[in-house]
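To start, the structure under review is shown below, and the notes come after it.
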Amino acid sequence: MKAVLMIGSHYRHLYVAKTLLEAGYLKAVIIEKREEFMPSPPKELSTIDRDNFIRHFADREEAEEKAFGKLTIADLAGIPTYEITKTGLNESDTVEWLKQQKPEAVISFGIHKLEQAMLDVLPELAWNIHGGLSPWYKGNITLFWPFYFLKPNWAGMTIHQLTSRLDGGDVIHHSVPELMYGDGIHDVASRAVVQAAHDLVNIFKLLDQGVSITLQKQKSNGKLFVGTDWKPQHLRLIYNHFNNDIVDRFLDGELGVDHPPLVRAFD
């Protein structure tokens with residue numbers, strides 16, 4: 001099994017590529033240049049919200065550097081690489097380059113929506129890695145909302161079929177990290193990506209062994225979160241009320257237990 005990855009340019013995306021490369025499953029990679037990882041706080045914020053905003057994204061950068069390292073495209077040396085911007089993602093040149101790689105599988109992670117012309121040339125095994133547990137957390141910023149709703153054990157990743165429906169394809173596998181005392185929101189999110197990368201390798205190993213993977217259709221009992229659902233003021237709950245200790249409170253039994261019904265490609 002050899003896969004072409006279509007990924008973003010942040011450390012988390014490059015980590016998945018490097019994991020597949022080291023396991024012998026990476027054939028080529030298309031990298032979409034993403035936005036700057038450290039955004040500037042909006043000017044109109046109050047002092048408390050500005051401080052939370054700066055803390056939140058600084059903590060994210062620290063947690064992801066610790067989990068993934070400061071990866072660059074150079075860490076994928078020897079692998080055919082095609083770098084693009086958001087506008088180039090679905091252009092005919094990108095479609096043609098992908099076709100020339102003749103991939104057995106295509107995996108997307110951290111890129112913008114693929115248009116039908118691109119979807120039409122994908123192989124049968126075309127999957128997306130979504131940062132959130134679908135169908136309950138679709139769309140954007142979906143590793144944040146489980147913490148806001150005090151359900152940190154619902155923070156995870158979904159490997160699902162690539163379709164024209166946003167995060168709506170049949171589910172192959174849910175990846176969730178182990179929660180540990182002392183975890184902050186970004187520790188859990190980073191470890192969820194690590195878990196998904198290694199789970200994907202295990203799934204490829206099963207496919208190489210001739211094992212059939214059962215897919216499960218998504219039901220409609222979830223929510224599609226859009227970028228405008230999130231506001232810096234939401235961070236008050238995470239940092240001012242809980243001081244980023246939601247995982248500790250959960251593990252101590254203070255927040256109740258509600259386990260997600262996970263789809264698993266393996267035990």
Right, ASP51: without any contact (Cβ under 8 Å) to a residue 24 or more places away in the chain, farther than 28 Å from ARG191 by Cα, open to solvent by 80 Å² or more (accessible area, probe 1.4 Å) and part of a helix (DSSP H, G or I) or not?
no
Within the range 196-203, is even one residue more than 26 Å from LEU114 (Cβ to Cβ) and either of a type in the set (Lys, Arg) or open to solvent by less than 60 Å² (accessible area, probe 1.4 Å) (or both)?
no
Among residues of the range 88-127, those that are among the polar types (S, T, N, Q), touching a Leu at 6+ places or on another chain (Cβ under 9 Å) and open to solvent by 90 Å² or more (accessible area, probe 1.4 Å), counted
0
Tell me which residues, restricted to the range 181-197, are closer than 26 Å to ALA265 by Cβ and assigned to a loop (DSSP other than H, G, I, E, B).
ASP183
Considering only residues that are open to solvent by 80 Å² or more (accessible area, probe 1.4 Å) and touching a Lys or Arg at 6+ places or on another chain (Cβ under 8 Å), which ones fall in the range 54-87?
GLU83, LYS86
A careful count of residues in the range 117-138 that are in contact (Cβ under 8 Å) with a residue 24 or more places away in the chain and either farther than 22 Å from ASP199 by Cβ or basic (Lys, Arg) (or both) gives 5
If I filter the range 204-222 for residues that are open to solvent by less than 20 Å² (accessible area, probe 1.4 Å), out of contact with any Ser or Thr (no Cβ under 7 Å at 6 or more places or on another chain), part of a loop (DSSP other than H, G, I, E, B) and on the phi < 0 side of the Ramachandran plot, do I get at least one hit?
no
What pairs come up if the first residue lies in the range 84-97 and is within 15 Å of GLN116 (Cα to Cα) and touching a residue at least 12 places away in the same chain (Cβ under 8 Å), the second is hydrophobic (A, V, I, L, M, F, W, C) and part of a helix (DSSP H, G or I), and their beta carbons are under 7 Å apart, counting only those six or more places apart or on different chains?
ASN90/ALA117; ASN90/MET118; VAL95/ALA117; VAL95/MET118
Scan the range 225-267 residue by residue and report those that are over 19 Å from the mean Cα position of the chain (by Cα), surrounded by 10 or more Cβ atoms within 10 Å (Cβ to Cβ) and more than 22 Å from GLY182 (Cα to Cα).
LYS231, PRO232, GLN233, PHE266
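The values are calculated or read from the model by the stated rules, or taken from the named source; none is laboratory data. Predicted, not measured: the structure shown is a model, and the values here were computed from it. Here Cβ is always computed from backbone atoms with ideal geometry, including for glycine, and neighbour counts include all displayed protein chains. Ligands, DNA and RNA are stripped out before the accessible areas are found, and what is left, the full protein with its side chains, is counted by its heavy atoms. Shrake-Rupley method; radii C 1.70, N 1.55, O 1.52, S 1.80 Å.
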